[in-house]
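The values are calculated or read from the model by the stated rules, or taken from the named source; none is laboratory data. Everything quoted here is computed from the prediction, not taken from an experiment. Methodologically, a virtual Cβ is constructed for each residue, glycine included, from the backbone with ideal geometry; neighbour enumeration extends over all protein chains shown.
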Amino acid sequence: MKKKMANNFLVFLGTGGSRHVMAEQLRSTGGTYFELEGERGIFDPGPGALGQLIKNKPPLNPENLSTIILSHGHIDHCNDVNLIIDSMTRGGLKKKGTLFAPGEIIEGKNQVLFNYLKPFLFSIEKLKPCKQYSVGELNFSTSVLHQHGMETYGFSFFLEDGKLSFITDTSLFPGLDEYYSNSRWLVLNLVLEKNCGNAQHLDIKEAEELLKKIQPEVAVITHFGRKILRKGPEKVADYLEKETGIKKVIAAQDGGRFDLK
């Protein structure tokens, strides 16, 4: 019997990036919900993630989650991870789920994960650069280390229909594009309109350069800073689509669903 193909999709629980957008909640900062190859999970659950799951239409029950993935330990990416673990496991009554995160989030001076919650999880995986991981039928790998001031990774998910990649927070550096080559779908954090200093985030021109090299079928920009919001993410997406020749560039919206098909 032919295996039934998974209904793979993302829901953007939050599309806000930068401390200003987070503090003012100009956009939500709840991260991204995913259903990929039958696994239900959340990626970078920042402030408001739990509330956005429940407020989604239809609601996304945190008890149905099985996977949590954190790219790094900045507060706009991991603030709600303890809430999600507690809700997912019903306060530890139902031991379940896997947390994938950089080691410094799990233990040490930059630890984010509460120790009392660790036994609630079925397993905890410390991420390493360019390493393969799996949970259920879902296979993915970490990128090279990003340049972002702390241990930070991007990710590529190897789906039956193609490769889905997330370029998380980083400076642009030589070879960054190589890890994300052959991506059919690419989600890219675009915080800055123009990098006028040494902020370790991508700006519009840097995003353009990356997209020209990677050439995904569809790109989704998200994690917007204040100036991107003022400019208009849709205008930025239209500009990138025109300048890069990519078939489609989409500006993510809070609560927006993206079907991978």
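Kindly indicate the residue of the stretch 158-201 that is touching a His at 6+ places or on another chain (Cβ under 6 Å) and farther than 21 Å from Lys248 by Cα and also surrounded by the fewest Cβ atoms within 10 Å (Cβ to Cβ) among those meeting that condition.
Only one residue tops the list, namely Gln200.
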Exercise. For the stretch 108-127, which residues satisfy the criterion of being out of contact with any Lys or Arg (no Cβ under 9 Å at 6 or more places or on another chain) and either of a type in the set (A, V, I, L, M, F, W, C) or assigned to a loop (DSSP other than H, G, I, E, B) (or both)?
Worked result: Gly108, Lys109, Asn110, Gln111, Val112, Leu113, Phe114, Leu117, Leu127
Exercise. Taking the stretch 76-103 as the region of interest, how many residues are assigned to a helix (DSSP H, G or I) and of a type in the set (Gly, Ala, Ser)?
Worked result: 2
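Just to be sure before I move on: is Val218 under 15 Å from the mean Cα position of the chain (by Cα), hydrophobic (A, V, I, L, M, F, W, C) and surrounded by 17 or more Cβ atoms within 10 Å (Cβ to Cβ) in the structure I sent?
Considered against the rule, which asks whether it is under 15 Å from the mean Cα position of the chain (by Cα), hydrophobic (A, V, I, L, M, F, W, C) and surrounded by 17 or more Cβ atoms within 10 Å (Cβ to Cβ), Val218 comes out as no.
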Exercise. Within the stretch 170-181, is there a residue that is of a type in the set (A, V, I, L, M), under 23 Å from His72 (Cα atoms) and in contact with a strand residue (DSSP E or B) (Cβ under 9 Å, 6 or more places away or on another chain)?
Worked result: yes
For this session: Test Glu125 against the criterion of being without any contact (Cβ under 8 Å) to a residue 40 or more places away in the chain, within 25 Å of Phe9 (Cα to Cα) and surrounded by fewer than 21 Cβ atoms within 10 Å (Cβ to Cβ), and give yes or no.
Result: yes
Problem set entry | Single condition Leu26 does not satisfy, out of (1) outside any helix (DSSP H, G or I); (2) touching a helix residue (DSSP H, G or I) at 6+ places or on another chain (Cβ under 7 Å); (3) buried (at least 24 other Cβ atoms within 10 Å of the Cβ) | (3)
For this session: Return the pairs, sorted by first residue and then second, in which the second residue is basic (Lys, Arg) and not in a strand (DSSP E or B), the first residue lies in the stretch 14-38 and is farther than 11 Å from His223 by Cα, the beta carbons are less than 9 Å apart, and the residues are 6+ apart or on different chains.
Result: His20/Arg226; Glu24/Arg226; Leu26/Arg226
Exercise. Among the residues of the stretch 151-161, is there at least one that is part of a helix (DSSP H, G or I) and modelled with pLDDT of 95 or more?
Worked result: no
